[in-house]
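To start, the structure itself, in C-alpha cells.
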Amino acid sequence: MEAIADRIAGVRARIRSAALSCGRDPESVRLVAVSKTRTPEEIRVAYAAGIRDFGENYVQELDSKASILADLTDLRFHMIGHLQRNKARYAARLASMVHSVHGVELAQELGKRTRDSLVPEARRVPLSVGAGQFGDGAGRLPVLVEVNVGGEFEKSGCRAQELETVLAAVEAEPSLWLRGLMTVPPITETAEGARPFFEELSRLRDSHGGPERLPELSMGMTHDMEVAIRAGATQVRVGTAIFGDRVYRGI
Ligand SMILES: *Cc1c(COP(=O)(O)O)cnc(C)c1O
C-alpha cells in the first residue's frame, strides 16, 4: 500500500517534467487516478497521498464505492467508461464529471437526470483552466464529449463528423456544462504512436470553438501521458502507474 504513495509521487514528477518540457504550467494538468477494479482501501491510500479525482468505468462499481467512501466528502469521481443510457441516472447522482458522453441520446438522458440535482459544492471539480474556481458555481454537471479519433469499430465515442451535433446536444441541456473533449486512442506499440490521435483531438477542439468553448482535453494514460501533455492534455487518466497492474475479478 505504501507503494501507492510512492507511485503517485512518481506520476506527479512525470506530469511535471512533461509540462515543463513544453512550457506549460504543471498545475494546468489534472491527475485523475483511475481506480476501476481497485478496492476502497486502495482509494483511501491514494486519497491520503493527496489525490481527490478518481476515474471509474462501471456504474455499479462506482455506486458501491461511493457509498463506502461517503465519509470522504471532497473525493470526486469521474465517470470515464462507456456509459449506457439506462445507467445515466447513476452517473448524474454520483459523478463530479462525465468524460464519456458519446451521443445525442445520452446527452439528453443525462440532462434529464441532472435537471433536479445540482452537483454538491464539495464535489465540484476545480477548473484546471481558470484556476481558483470550483465548477461553474451553479452546480451543473461538467461533461466532456468522447471522440473515437481512431475510428475503431469497437470503440466508444462519437465520430468526428458527429461531434458538432453531440456538442450542441450537451449545450441544449441547462443542467449540463460542456467542458471539452476526451479520447482513448487505438493501442499503439510506442507512446509516440498515440501522438497523431492526441493531435487530432486538439485539432477537433480548434475547429469546434477552440479553448473558449472546449477548455478541457482529457487524454493520456499510464504509457503515453507525456505525449498527451505535450499535445495539450488538461487531464490525464492514470491507473496502472499508480495502483500497479490490474487484476480483473470478473466485473
Ligand atoms: C483504464 C482506463 C484508463 C487508465 O489506464 P492505465 O493504462 O491503467 O493508466 C484511462 N482511461 C480509461 C478510459 C480507462 O478505461
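Just so it is clear, none of the values below were taken in a lab; they were calculated from the coordinates. Quick caveat: nothing in here was measured; it's all calculated off a predicted structure. FYI the Cβ positions are ideal-geometry reconstructions off the backbone, even for glycines, and counts take in every protein chain you see.
Just a few scattered comments:
- Compactness of the chain was expressed as the Cα radius of gyration divided by 2.2 N^0.38 Å, which yields 0.93.
- If you run the Gaussian network model on the chain, springs between alpha carbon atoms under 10 Å, then out of 168, 233, 92 the most flexible one is 168.
- Amide hydrogen proximity for residue 101: with H placed 1.01 Å from N in the peptide plane, the residues at 5 or more positions away or on another chain lying under 5 Å are 144, 146.
- For the range 13-25, 3J(HN,Hα) per residue [Karplus equation, 6.51 cos²θ - 1.76 cosθ + 1.60, θ = phi - 60°, Hz, x = Gly/Pro]: 5, 4, 4, 4, 6, 5, 5, 5, 5, 10, x, 9, 6
- Long-range amide H partners of residue 55 with built H, under 5 Å: 33, 34, 35, 78
- Surface/4 estimate of mean projected area, convex hull on alpha-carbon atoms of the range 145-251, nm²: 8.0 nm²
- Among 85, 179, 30: highest mean-square fluctuation, GNM of the chain, C-alpha pairs under 10 Å: 85
- The chain - mean residue ellipticity at 222 nm from DSSP helices (-39,500 (n - 2.57) per run, n ≥ 4, rounded to 500): -10500 deg cm²/dmol
- Look at the alpha carbon pairs under 8 Å that are at least 6 residues apart: their mean separation over the length of the chain gives a relative contact order of 21 percent.
- A simple charge model with +1 on the Cβ of Lys and Arg, -1 on the Cβ of Asp and Glu and nothing else charged puts the dipole of the range 121-251 at about 360 debye relative to its Cα centre.
- GNM remark for the chain: springs join alpha carbons under 10 Å apart, and the peak mean-square fluctuation among 55, 111, 209 falls on 209.
- For the range 200-251 and the range 5-82, distance of Cα centres in Å: 13 Å
- For the chain, leaving out every one of the chymotrypsin sites (Phe, Trp or Tyr not before Pro) that falls in a DSSP loop and has at most 13 other Cβ atoms within 10 Å, the longest unbroken run is 1-152.
- The chain, dipole about Cα centre (Lys/Arg Cβ +1, Asp/Glu Cβ -1), debye to the nearest 20: 380 debye
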